[in-house]
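All remarks here apply to the structure that follows.
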Amino acid sequence: MSNNAELFPKIISHAKEYGFIFQSSEIYDGLAAVYDYGQYGAELKKNIREYWWKAMVQMNENIVGIDSAIFMHPTVWKASGHVDAFNDPLIDNKDSKKRYRADVLIEEAVQKIEAKIEKEVEKAKARFSPFDEAMFRSTNARVVENQTKIDAINTRFKAALEANDMDGIKQIIIDLEIVCPISGTKNWTDVRQFNLMFSTEMGSVSEDSSKIYLRPETAQGIFVNFLNVQKTGRMRIPFGIAQIGKAFRNEIVARQFIFRMREFEQMEMQFFVRPGTEMEWYESWKQKRMQWHIALGLGEGKQRFHDHLKLAHYANAAADIEFEFPFGFKELEGIHSRTDFDLKSHEEFSGKKLRYFDPELNESYIPYVVETSIGLDRMFLAILSTAYNEEKLEDGTTREVLNIPAFLAPVKVCVMPLTKKDGLPEKAREILDVLKYDHITQYDEKDSIGKRYRRQDSIGTPFCITVDHQSLEDNMVTIRHRDTMTQERVAIADLPKLVNSKVSINEVLKQL
Ligand code: GAP
C-alpha cells in the first residue's frame, strides 16, 4: 500500500477513471469545488443515503423524514443568523492576487510552530534515556519560547474572532510574519468578512424581484416545518425530523477534492426535546451516531470525537465525529445541542407561535433541539478512501480493489459466461434476469475471466458469477468473492438467497 501522501491523488484519479466522480463541466475546464457523480458514484451515494435514511427514519418510530425546498423566504436566513454571521475572514495578497482565509493562515502558522516543538521533543527522546517528557517541555528554552508564543497567539486570535476584530486578525498575520505561499511576500490587504451564502433574484420583473439565498444548511427547512410535521403527524416530544438535500456555500478555500465543496449534500436530523433534557439526548445521539459509523466496519480507530471548546452562538454543547481521511483526522459529522435558539428566533421574526403543548406537563414551550448533521459527500470520501486498496498478488501483479462494504457497493453482482458461445451467454442472462429485480447487476463477456474480475474489483463489485460448460449440465456456477478472491461452486437456484443475505442492509441495521 502506498503511503498517505501518495494515496490521495491515486484515489482521486481512480474515482475519475472508473466513473465515480467527474469534475463539473469538465469540457470547459471545470468549475472549482463542484463535482458530478458518475454511474458508479451515483449508486454508491444512493446506497449511503439509504443507509442513513433507514437508520434514522425507518428504524425509529419517533423520527420522520421531509423534503423541503432549497429556496426559502429570505427572512429565514436573517432569523437563523446566517445573513449577519455566516462569514469567513478573508485576506488577499496584493502581489499574487490570491485570496486566503485569514483564520486558516493563522492556524497553519501555529501548526508549523507546534511541529517545531514536536521535532525538538522527538530529537531529545532519541538522545536521552530515561526521558522525562513533561520536564523537558517545561524547561527546554526553545520549546518554552515556542509554546509561549502559541499560547499568546491563540489567546489573541480567539479574542479577535469573538470581537469580530478584523484589524486584530491582520495584526496577528503581520506579527507571525506569514508570507503568501505563491508570491512569498507579506504584502497583504486588510481582512474583510465574506458571507458564504450564494444569493440570486426571484421574480420576473426586476422591480419586483427580491434577493433570495441558496440554503447553506438543510436544517432551517426542518425548523420552519416543525409545527406542520408535529401537528399533521401527531408527533409527541421527544421526536425527530430528518432530511437529506443539497446545501450551498461559497467556500473560499475549497480543496481536498469532495471534502469541501461549494454544492454538497447534507443528511440532517433535528431532535426536539423537553427543555432541560437536552444534554441527555445530546450524549445519546453522540453514541448512536458513532455506532452508525462503526457498524460500517471501515476499521478500528478510524473515527474519534472532537468536543468543541468554542461554541457557536446557538449551542450549549457540540462535538464532531472526525474521520481519518488520507490527509488526516477531519470533521465528518457534527452533533450539536442547539438549545431553543432557532425556533425562538423564527417565532420572533415570523410573529407565529412555534410551541409544543406537552400533555404530560400540561404546558406549552419551545422545544430544545439536538441536531445530527453529516455531509453525504464527505461520507462518500470516507468510504471510498478506506475502500481503495492496492494488493500485491503472489504472481507479482498488483490488483486495485475497492473493498466497499457489500451492502453499499454500486454493483452487487457481475455475471460472466466463460465464452461467448455454446449457449453460455444465454444461461448467464437467465441468471441476470432473476437477480436484476433485487440488485444492480452487470453482464460481461469481453476479455479473459481474469481481466473481467479485475474490472469488477476496481469498482468494488462483491460477487462475480461465472457460467461455464459444466453449468449447462449441473445448473451450478462459480461464485468469486471480491475480498478473498476465493471461489466456490453453488447451485443457480441458491444464488438469489446467497447474494441477498450477503448484501443485505438489515444485518448492519441490527447492529445499531
Ligand atoms: N446544520 C448544521 C451544519 O450545517 P456544519 O458543521 O456547518 O453544520 C455539517 O455542517 C456537515 O456538513 C459537516 O460535518 C460536513 O460533513 C458537511 N459539510 C459542511 N460544509 C461542507 C462543504 N463545503 N463541503 C462538503 N461537506 C460539507
Original post:
Do you know which residues across region 337-374 are within 16 Å of the ligand (Cβ to nearest atom) and within 15 Å of G276 (Cα to Cα)?
Top reply: S337, R338, T339, D340, F341, Y368, V369, V370
Original post:
Looking at (1) within 10 Å of the ligand (Cβ to nearest atom); (2) touching a residue at least 40 places away in the same chain (Cβ under 8 Å), can you tell me which one A247 breaks?
Top reply: (2)
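Does Y100 satisfy being surrounded by 15 or more Cβ atoms within 10 Å (Cβ to Cβ) and either within 16 Å of the ligand (Cβ to nearest atom) or modelled with pLDDT of 95 or more (or both)?
Answer is no for this residue.
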Original post:
Where in region 91-210 are there helices (runs of 4 or more DSSP H), lying fully within it, with 3 or more residues that are of a type in the set (A, V, I, L, M, F, W, C) and over 32 Å from the mean Cα position of the chain (by Cα)?
Top reply: 102-127, 133-139, 141-162
Original post:
Does any residue in region 296-319 that is in the same structural domain as W281 (by TED's automatic domain parsing) and more than 25 Å from L44 (Cα to Cα) come within less than 9 Å, Cβ to Cβ, of a residue that is of a type in the set (K, R) and surrounded by 13 or more Cβ atoms within 10 Å (Cβ to Cβ) six or more places away or on a different chain, and which pairs are these?
Top reply: F305/K286; A312/R338; Y314/R338; A315/R338; N316/R338; A318/R338; A319/K286
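Let me confirm something: among I182, I150, I169, I173, which residue is within 17 Å of V104 (Cβ to Cβ) and either open to solvent by 80 Å² or more (accessible area, probe 1.4 Å) or in the same structural domain as K310 (by TED's automatic domain parsing) (or both)?
On the way: I150 fails: either open to solvent by 80 Å² or more (accessible area, probe 1.4 Å) or in the same structural domain as K310 (by TED's automatic domain parsing) (or both); I169 fails: either open to solvent by 80 Å² or more (accessible area, probe 1.4 Å) or in the same structural domain as K310 (by TED's automatic domain parsing) (or both); I173 fails: either open to solvent by 80 Å² or more (accessible area, probe 1.4 Å) or in the same structural domain as K310 (by TED's automatic domain parsing) (or both).
Of the residues listed, the single one that is within 17 Å of V104 (Cβ to Cβ) and either open to solvent by 80 Å² or more (accessible area, probe 1.4 Å) or in the same structural domain as K310 (by TED's automatic domain parsing) (or both) is I182.
Out of curiosity, is Q266 of a type outside the set (A, V, I, L, M), open to solvent by 50 Å² or more (accessible area, probe 1.4 Å) and either assigned by TED's automatic domain parsing to the domain that holds S364 or free of Cβ contacts under 8 Å to residues at least 24 places away in the same chain (or both)? Write out each step before concluding.
Details: of a type outside the set (A, V, I, L, M): yes; open to solvent by 50 Å² or more (accessible area, probe 1.4 Å): no; either assigned by TED's automatic domain parsing to the domain that holds S364 or free of Cβ contacts under 8 Å to residues at least 24 places away in the same chain (or both): yes.
Answer is no for this residue.
Residues that are more than 16 Å from the ligand (Cβ to nearest atom) and closer than 24 Å to A55 by Cα: does region 205-227 have at least one?
yes
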Subject >> Every residue from region 329-351 that is within 28 Å of R289 (Cα to Cα), open to solvent by 60 Å² or more (accessible area, probe 1.4 Å) and more than 20 Å from the chain's Cα centre (by Cα) >> reply: K344
Subject >> Any chance K427 is part of a loop (DSSP other than H, G, I, E, B) and either in contact with a Cys (Cβ under 9 Å, 6 or more places away or on another chain) or open to solvent by 10 Å² or more (accessible area, probe 1.4 Å) (or both) >> reply: no
**OP:** Those residues that are surrounded by fewer than 18 Cβ atoms within 10 Å (Cβ to Cβ) and assigned to a loop (DSSP other than H, G, I, E, B), I need them from region 303-314; list them, please.
**Re:** H308, L309, K310, L311, A312, H313
Subject >> Elements of type strands (runs of 3 or more DSSP E) in region 317-365, at least 3 residues being within 24 Å of A5 (Cβ to Cβ) and of a type in the set (S, T, Y) >> reply: none
Original post:
Restricting the search to region 258-302, which residues are within 16 Å of the ligand (Cβ to nearest atom) and part of a strand (DSSP E or B)?
Top reply: E263, F264, E265, Q266, M267, E268, M269, Q270, F271, F272
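The values are calculated or read from the model by the stated rules, or taken from the named source; none is laboratory data. In this text the structure is predicted, and so the values were computed from the model without any measurement. We place every Cβ from the backbone using ideal geometry, glycine too, and count neighbours over all the protein chains shown. The accessibility values were calculated without ligands, DNA or RNA, using every heavy atom of the protein model including side chains. Shrake-Rupley method; radii C 1.70, N 1.55, O 1.52, S 1.80 Å.
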